[in-house]
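The structure under discussion appears below in the form of structure tokens.
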Amino acid sequence: MFRIRQIYDDVIPINKLAIAQVQAILRSQFPLLKEEEISPLPEKLRDPLKYRFRSTLFVADNQKGQVKGFAFFAHDPVLRFCYLDFISAAKKLTGRGIGGALYSRVRQEALALETVGLFFECLPDDPKLSSDPQQRKANAAVLRFYETYGARPIANTAYETPLSPQDDNPPYLMFDGLGQDTPLSCRLARTIVRAILERKYAQLCPPEYVDRVVRSFRDDPVQLRERRYVTKIPPITVSRSISPDKRIGLLVNDRHDIHHIRERGYVESPVRIKTILKAIAGMELFDPLPVRHFSDRYIKAVHDPRYVEYLKKVCENVEVGKSVYPYVFPIRNAARPPKELPVRAGYYCIDTFTPLNRNAYVAAKRAVDCALSGAGLVLEGRPIAYALVRPPGHHAERHAFGGFCYFNSSAIAASYLSNYGKVTILDIDYHHGNGQQNIFYERPDVFTVSIHGHPRFAYPYFSGFADEKGAGPGEGFNVNLPLPEHVDGGYYGEILGKALKLVQRFKPEFLVIAFGADTAKGDPTGSWTLQARDFEKNGRMIGALRLPTLVVQEGGYNHRNLGLNVRHFLVGLWAALHA
């Protein structure tokens, strides 16, 4: 079994391993290929401008990261064409459906990119061009394979003219119109062929050869060779669905609703998750996935183990259906805590309105599982994962809960990802991400940025000031951008742009978004007026960073527009990252 996924860069370990295996396949399956054509592969993915093409790499691998085949192709968004550079199964794995699956995925991507079609080269089946019968037989088998998809050599041109008279097997230029039935004009074909020859074969093809080949394209529209191998069945159509490897991995806290506080005025309710799920239901953009279980050690790597054990114990002992609210804060004598667990809550809480009940620990622990499962997806190469969770987490500090938050899911996931590279947490909830600030304040490997209402009027009131910039090794790695009480979408976008410039300067390998939709117009906990179009614009701005991204749901309490705003944000994020 294998899956097909896109490799965007060589940042995460699984991608580095995949690229190394692709290079090994190139060396074994294309022995005439020079090393200087193989070694730049990672750079071609990172720096498309240098190579004048936007390169894309698909690999067919298994869950252990063993690459069974790959396809590497270039895209020119101006001329609107794709060029398939290499496609191959690993040695001894040909004929197992890997090539067909990869080619289908390439066609799907080329169609999604709105190209005129897919170009590539195939060795000839004409005795005048291929002298070895065995080689011709192999060439014919390849041409037969592509004919099943409707791809055939372009006819009546000099493309297959050898550079030297003694050269054998000069390639055909193949064209796959992707089933669009759109004629390829002579003028466009000439421009595309020149781009292929000058960019791919600049060191081999002299200018006069390129001019001669380009001028040989005279048919308008361009003609393809008649079918020779597949005549009775229609070409294989291209799937227009979003490939699973490009969908947003969706992790939902399936235990969130056991934490249901029914006191009047308590806004952090189960309907929040239901509202969001209803808004994205049926969208092909999302790929619902199972949530993995993680041990407490990941939580205790971020939160004080004494706090974690306390929370677990006190929740187990609260009467079913009851809630306990902290009301005593014994900060003067921390050496002699009260014996009664509910009374001791003040040691570990930052407010008086976040309750402890029988299910708070269980629900919060499952939210952490969702965030860590999303981080795992990002490490496996998924561009975006979305942890749709409650209770939220960004107010939970190393030693304390509060603001409806018990465990800081965003911080725990970021700490996990930091084992593999630098991480930025971008908190775009209406309220300050005091939890991430507290946890990472002295760490330089996790850059924390929070855009929020100024603490003079917005919870948590005691943190989120602009002069809080980190300490010790973490000095300069915490940024707060407190905003006025009244903010519209336009002004928010300006501030977000400034924040993203800071993120780019840090050069993280991963991005964690603590995403609150309480910045929206009409939210009962906020005072700003962002609308759906603003959420989509903000998503596009963040997606333009093109970083592996984990989104963790935080606030958002206006049920009338919550789902709509979340959907628009995620659509914008996805569209920009895959642009």
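Could you check, for the range 209-229, whether at least one of its residues is of a type in the set (Asp, Glu), under 39 Å from the mean Cα position of the chain (by Cα) and not in a loop (DSSP other than H, G, I, E, B)? Talk me through it step by step, then tell me what you get.
From the range 209-229, those of a type in the set (Asp, Glu) are 211, 219-220, 226; that's our starting set.
This time we only want the ones that are under 39 Å from the mean Cα position of the chain (by Cα), so: none.
No, the range 209-229 has no match at all.
Selection of the range 347-395 for residues being assigned to a strand (DSSP E or B) and in contact with a Cys (Cβ under 7 Å, 6 or more places away or on another chain) yields LEU356, ALA387. Going by the structure shown, is TYR386 modelled with pLDDT under 95 and aromatic (Phe, Trp, Tyr)? For TYR386, the condition - modelled with pLDDT under 95 and aromatic (Phe, Trp, Tyr) - is not met.
Does LYS537 count as more than 27 Å from ALA367 (Cα to Cα), basic (Lys, Arg) and without any contact (Cβ under 8 Å) to a residue 24 or more places away in the chain?
Taking the combined requirement at face value, the residue does not satisfy it.
Return the only residue of ASP445, ASP427 being at pLDDT 95 or above, surrounded by 24 or more Cβ atoms within 10 Å (Cβ to Cβ), among the acidic types (Asp, Glu) and closer than 27 Å to ASP296 by Cα.
Values: ASP445 fails: surrounded by 24 or more Cβ atoms within 10 Å (Cβ to Cβ).
So the residue among ASP445, ASP427 that is at pLDDT 95 or above, surrounded by 24 or more Cβ atoms within 10 Å (Cβ to Cβ), among the acidic types (Asp, Glu) and closer than 27 Å to ASP296 by Cα is ASP427.
With respect to the conditions (1) in contact with a Lys or Arg (Cβ under 7 Å, 6 or more places away or on another chain); (2) closer than 28 Å to GLY376 by Cβ, PHE53 lacks only one, and its number is (2). Among residues of the range 545-570 that are touching a residue at least 40 places away in the same chain (Cβ under 8 Å) and basic (Lys, Arg), those with a Cβ under 9 angstrom from a residue that is buried (at least 24 other Cβ atoms within 10 Å of the Cβ) and not in a loop (DSSP other than H, G, I, E, B), sequence gap 6+ or separate chain, pair up as ARG567/ILE276; ARG567/PHE535. Check the range 518-535 and report whether any residue there is closer than 25 Å to VAL267 by Cα, assigned to a helix (DSSP H, G or I), modelled with pLDDT of 95 or more and charged (D, E, K, R). Within the range 518-535 (the criterion being closer than 25 Å to VAL267 by Cα, assigned to a helix (DSSP H, G or I), modelled with pLDDT of 95 or more and charged (D, E, K, R)), the answer is yes, since at least one residue qualifies. I need the full set of residues from the range 447-477 which are farther than 18 Å from ALA514 by Cα and among the small types (Gly, Ala, Ser), in order please. ALA466, GLY470, ALA471, GLY472, GLY474, GLY476 - these are the residues of the range 447-477 that are farther than 18 Å from ALA514 by Cα and among the small types (Gly, Ala, Ser).
Scoring LEU547 on the criteria (1) surrounded by fewer than 19 Cβ atoms within 10 Å (Cβ to Cβ); (2) part of a loop (DSSP other than H, G, I, E, B) leaves a single failure, condition (1).
Inside the range 1-29, residues that are assigned to a helix (DSSP H, G or I), touching an Asp or Glu at 6+ places or on another chain (Cβ under 7 Å) and polar (S, T, N, Q) make up a count of 1. The set of residues in the range 160-176 being crowded, with 20+ Cβ neighbours inside 10 Å and either in contact with a helix residue (DSSP H, G or I) (Cβ under 8 Å, 6 or more places away or on another chain) or of a type in the set (Ser, Thr, Tyr) (or both) consists of TYR172, LEU173, MET174, ASP176. For the range 259-284, the tally of residues that are modelled with pLDDT under 95, surrounded by fewer than 19 Cβ atoms within 10 Å (Cβ to Cβ) and in contact with a helix residue (DSSP H, G or I) (Cβ under 6 Å, 6 or more places away or on another chain) stands at 1.
Give the residue that is surrounded by the fewest Cβ atoms within 10 Å (Cβ to Cβ), with candidates limited to residues of the range 61-75 that are of a type in the set (Gly, Ala, Ser) and in contact with a strand residue (DSSP E or B) (Cβ under 6 Å, 6 or more places away or on another chain). Reasoning before the result, please.
Residues of the range 61-75 of a type in the set (Gly, Ala, Ser): 65, 69, 71, 74.
Next, only the ones that are in contact with a strand residue (DSSP E or B) (Cβ under 6 Å, 6 or more places away or on another chain) stay: 69, 71, 74.
Values: GLY69: 25, ALA71: 26, ALA74: 22.
Taking the candidates together, the pick is ALA74.
Total residues in the range 448-481 satisfying the condition of being in a loop (DSSP other than H, G, I, E, B), over 31 Å from the mean Cα position of the chain (by Cα), surrounded by fewer than 18 Cβ atoms within 10 Å (Cβ to Cβ) and small (Gly, Ala, Ser): the figure is 1.
The values are calculated or read from the model by the stated rules, or taken from the named source; none is laboratory data. Fair warning: this is a prediction, and the values are worked out from it, not measured in the lab. Neighbour counts run over all protein chains shown; Cβ positions are idealised from the backbone, glycine included.
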